[in-house]
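Novice: Sending over a structure as structure tokens; questions will come in a sec.
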Amino acid sequence: MIRLRGHHLFCMTLFTGHGYDEPFTENMAGLLHRLKSDKGAKILLVAGDDSVCAACPNLTGENCAFGNED
């Protein structure tokens, strides 16, 4: 199951892999690959931390430096 915040659906359409650190870029690229290649992939829309946030350098513990609101 891929957990996604609503605004990350939009972010994924614009992602080019530039301007991010390597762990974040690899995580996002992996998620995009999975969504494109696995037509049966399940997505759960969530508020708060999601599969994109998992490798974000702005995540400290369970808190986002920019807040968890969508």
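The values are calculated or read from the model by the stated rules, or taken from the named source; none is laboratory data. These numbers were taken from a predicted model, which means no experiment stands behind them. A quick note on method: Cβ atoms are made from the backbone with ideal geometry, for glycine too, and the neighbour counts reach across all protein chains shown. We work out accessible area using only protein heavy atoms, side chains counted, and drop any ligands, DNA or RNA first. Shrake-Rupley method; radii C 1.70, N 1.55, O 1.52, S 1.80 Å.
Novice: Can you name every residue in region 42-70 that is part of a strand (DSSP E or B) and closer than 11 Å to L4 by Cβ? Show your work before the answer.
Specialist: So in region 42-70, the residues part of a strand (DSSP E or B) come out as 43-46, 59-60, 63-64.
Scanning region 42-70 gives I43, L44, L45, V46.
Novice: I'd like to verify a number: residues in region 1-41 that are assigned to a helix (DSSP H, G or I), surrounded by 12 or more Cβ atoms within 10 Å (Cβ to Cβ) and of a type in the set (S, T, Y), how many?
Specialist: Residues flagged as assigned to a helix (DSSP H, G or I), surrounded by 12 or more Cβ atoms within 10 Å (Cβ to Cβ) and of a type in the set (S, T, Y) within region 1-41 amount to 1.
Novice: Moving to a separate point now. Could you check C56 against (1) at positive phi; (2) touching a helix residue (DSSP H, G or I) at 6+ places or on another chain (Cβ under 7 Å); (3) not basic (K, R) and say which number it fails?
Specialist: (1)
Novice: Of the residues that make up region 48-56, is at least one open to solvent by less than 80 Å² (accessible area, probe 1.4 Å), without any contact (Cβ under 8 Å) to a residue 60 or more places away in the chain and among the charged types (D, E, K, R)?
Specialist: Yes, the conditions are met somewhere in region 48-56.
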